[in-house]
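Peer 1: Below is the structure I would like to discuss, written out as structure tokens.
The values are calculated or read from the model by the stated rules, or taken from the named source; none is laboratory data. It should be emphasised that the depicted structure is a prediction, and the values quoted were computed from it without experimental measurement. Every residue, glycine among them, receives a Cβ derived from its backbone with ideal geometry; neighbour counts consider all protein chains shown. Heads up: the accessible areas ignore ligands, DNA and RNA and are worked out on the full protein's heavy atoms, side chains in. Shrake-Rupley method; radii C 1.70, N 1.55, O 1.52, S 1.80 Å.
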Amino acid sequence: MEKTVLLVVVTLALLGSPLIEIAGSQTCRPTGSATMGPFYKPNQPMRNVLCGKDPLFATATKLNVSGVILDEHCQPLSFAKVEIWQTDSSGSYQDSSQCRSILHSNCKGQYTFSTVYPGKYRLGSSFRPAHIHYMVTTRNNCYNTLVSQLYFEGDLHLRDNDPCHSSVCNSHDTTLIRKTSIDTVNGINWVHAEFNIVMRRHQSWQRLVCQLQQSPCPSATAEPAVTVLQTAEPAVTVLQTAPPPATEELTTAPCLCKCRDAVKQCIIVNWLYASRLEYI
């Protein structure tokens with residue numbers, strides 16, 4: 001076992017692993033979760049303006065939300081899928097897709113959208129705070145899917161005043177409650193909020209693999225496809241991703257990014273899950 005561990009450490013050093021660079025770096029607290037609720041609908045349009053057909057859209061208070069999708073080391077995650085849904089300005093979840101959307105973070109992990117400020121609705125004897133539902137998934141499945149809700153600081157129905165139990169809707173979690181600023185444009189109030197989302201990494205064998213798969217683009221450098229190092233149990237396999245066409249740019253929606261890393265080299269400790277190896 002000692003020889004195996006030593007081999008992994010030495011191999012990581014030779015490969016210039018990001019694990020070595022990240023050691024001792026800052027960490028970010030993962031974003032809390034909250035219930036999905038009954039109004040989620042999959043396969044919605046990709047757009048960054050929601051609720052455009054709200055009857056009160058022209059005069060309703062508008063909301064602009066922007067943020068960055070991050071990992072636990074505060075590094076941006078590109079091309080994450082961000083699904084959002086909310087009530088219209090009157091507090092109603094429409095059956096249509098007008099207040100639902102799918103976004104993708106760009107090469108810097110950024111996302112943004114505009115909508116109407118979500119209306120409140122009654123639950124029991126009180127009202128739920130204004131909120132927007134989120135479901136975030138990463139492109140390489142290295143992180144747990146996050147289902148959560150965005151709340152706004154100053155809402156009188158947060159925390160103990162939320163009729164939805166804290167263990168379900170989590171409106172007391174400070175990672176979900178964001179400060180806002182307000183300005184007026186052409187007589188319309190605009191609320192601005194920044195909601196950075198920190199994804200929690202899978203606590204499994206994939207942790208090491210995923211740490212070495214953070215580049216938005218694979219390299220165009222041609223290298224041998226597979227090299228296997230035989231050691232005592234557990235076996236250690238070194239895999240190198242297959243090279244793409246000889247070009248320095250790869251188009252990956254929703255933006256064009258530069259391939260700036262060397263050939264990605266994936267270290268996989270495969271004692272139990274060898275059949276589940278995944279490539280990006």
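Peer 1: If you stretched the chain out fully between THR35 and HIS165, how much longer would it get, using 0.36 nm times the residue separation minus the C-alpha to C-alpha distance?
Peer 2: 45.8 nm
Peer 1: Related question: So for GLU153, GLU72, GLU83, what's the accessible-area order with a 1.4 Å probe, most first?
Peer 2: Working: GLU153 85, GLU72 40, GLU83 10 Å².
Listed by decreasing accessible area, they come as GLU153, GLU72, GLU83.
Peer 1: Under the rule of at least 5 residues apart or a separate chain, name every residue whose amide H is placed under 5 Å from the amide H of ASN189.
Peer 2: LYS62
Peer 1: Can you run phi through the Karplus equation (6.51, -1.76, 1.60; θ = phi - 60°) for region 37-47 and list ³J(HN,Hα) in whole Hz, with x for Gly and Pro?
Peer 2: After applying 6.51 cos²θ - 1.76 cosθ + 1.60, I find x, x, 10, 5, 9, x, 6, 8, x, 8, 6 Hz.
Peer 1: Based on a Kirkwood Rh over C-alpha pairs, give the Stokes-Einstein translational diffusion coefficient of region 141-208 at 25 °C and viscosity 0.890 mPa s in µm²/s.
Peer 2: Result for D is 169 µm²/s.
Peer 1: Right, here's the next one. Given H placed on each backbone N at 1.01 Å, which residues far from PHE152 in sequence or on other chains put an amide H within less than 5 Å of it?
Peer 2: The answer is ARG178.
Peer 1: Assuming R0 = 30 Å, what is the FRET efficiency of LYS53 and THR145, from their Cβ-Cβ distance, to the nearest 0.05?
Peer 2: That gives a FRET efficiency of 0.55.
Peer 1: What accessible area, in Å² to the nearest ten, does a 1.4 Å probe give for SER33?
Peer 2: Rounded to the nearest 10, that gives 70 Å².
Peer 1: Take the alpha-carbon centre of region 99-119, take the same for region 176-194, and report the distance between them in whole Å.
Peer 2: A separation of 15 Å, based on Cα centres.
Peer 1: Equivalent-ellipsoid semi-axes (√(5λ), Cα gyration tensor) for region 57-118, whole Å, largest first?
Peer 2: On the way: eigenvalues 142, 29, 16 Å².
So the equivalent ellipsoid measures 27, 12, 9 Å along its semi-axes.
Peer 1: Going by accessible area, probe 1.4 Å, with all protein chains left in place, what is the ranking of TYR151, TYR93, largest first?
Peer 2: So, going from the largest accessible area down, we get TYR93, TYR151.
Peer 1: At a probe size of 1.4 Å, how large is the accessible area of ARG178, to the nearest 10 Å²?
Peer 2: Ignoring ligands and nucleic acids, ARG178 comes out at about 70 Å².
Peer 1: Using the Kirkwood radius over C-alpha pairs as Rh, can you work out the diffusion coefficient of region 70-192 via Stokes-Einstein at 25 °C, viscosity 0.890 mPa s, in µm² per second?
Peer 2: 155
Peer 1: Follow-up question, since we're still on this one. Of TYR111, TYR117, which has the most accessible area with a 1.4 Å probe, and how do the rest follow in descending order? Don't skip to the answer; put the middle values down first.
Peer 2: Values: TYR111 10, TYR117 65 Å².
I get TYR117, TYR111, largest accessible area first.
Peer 1: Under the rule of at least 5 residues apart or a separate chain, name every residue whose amide H is placed under 5 Å from the amide H of LEU103.
Peer 2: VAL82, GLU83, ILE84
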